[in-house]
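Below is one structure, written out as structure tokens; comments come after it.
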Amino acid sequence: MWGGRTGALLRASGWWPTGVLGRRLLNCNAASLAGSSSPRCWSCGGLGGPSRGDRFFCPHCRALQPPDPTRDYFSLMDCNRSFRVDTVKLQHRYQQLQRLVHPDFFSQRSQNEKDFSEKHSTIVNEAYKTLLAPLSRGLYLLKLHGVEIPEGTDYEMDSQFLTEIMEINEKLAEAQGETAMKEIESIVRAHQAPPSMGFSRQEYRSGLPFPPPGDLPNPGIEARSPTLQADTSPSEPPAKQKELTDDVSRAFERDNFEKAKELLTKMRYFSNVEEKIKLKKIPL
């Protein structure tokens, strides 16, 4: 109370330079309030751990911090939250992050840091795989906007499209020999089959093993055919595939999430067919 009254009198008499000390006190209070909400390092207790800087290490003791549960894959991989992603830049970011958090670099550190490094590396792998392919990227982007496509739903698809999918599945069930399989693959490509990731749903859900640091340029994801390549890979995807991917991108740019949902549902149908084709090719 006295400090405020004395300050007012000093300002009125011209002895207290207005806005200097007062502003400094305000800034100190604001900094104090901001610091009180910052996370503390689990190791040294310092403020401002994973919320600042590289968001992985404590700025005071450099201990690896636990993953930030509020950070989405686009932020983690330093990408704009958009359907269009520069996959070359994405791969470079993947390599950079794995060189920071790969478990091999924490074998001599505390058990906490070993556990955190495994969690970080798993999340980085998952983020890379999700954003690499248009289908999984689009589904994830929809999810961030509060829109999901439940597995096993037809999502009001038009009857003609569902009939085409049913006919393809019937041909696949009856297919015998390599020639028949190639014919079905051609049908899928002709129906604007989406680019998808070169590994099975089971492999995707179980997660890839942590790649050795020396093998970081290739995280274990390989495009095995033209229909299974990322949308910005060196080899140009077929025109119809590119057209479908561009349609999805335009839908997101216009915030037309219902249209994006419809197109991504079609992508997922064809992705499921591709998976069945791969399984059919595996010798019993």
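Values quoted throughout were computed directly from the atomic coordinates according to the rules given, and no laboratory measurement underlies them. Predicted model only: the values in this text are computed from it and were never measured. Because the Cβ atoms are built from the backbone with ideal geometry, glycine has one as well, and the counts that use them run over all protein chains shown.
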Length-normalised contact order of the stretch 68-129 in % [C-alpha pairs under 8 Å, at least 6 apart]: 38
Extension reserve of the ALA173-GLU253 stretch, reckoned as 0.36 nm per residue once the Cα distance is removed: 24.9 nm
Inter-label distance for GLU275 and ARG55, nm, one decimal - labels placed 7 Å from Cα along Cα-to-Cβ: 2.9
Whichever lysines have a C-alpha closer than 19 Å to that of LYS119, once near sequence neighbours (fewer than 8 apart) are set aside: LYS129
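What's the FRET efficiency of GLU148 with ASP78 using the Cβ-Cβ distance as r and R₀ = 35 Å, to the nearest 0.05? If you can, show how the numbers build up before the last one.
Numbers: r = 25 Å, r/R0 = 0.72.
Result of the calculation: an efficiency of 0.90.
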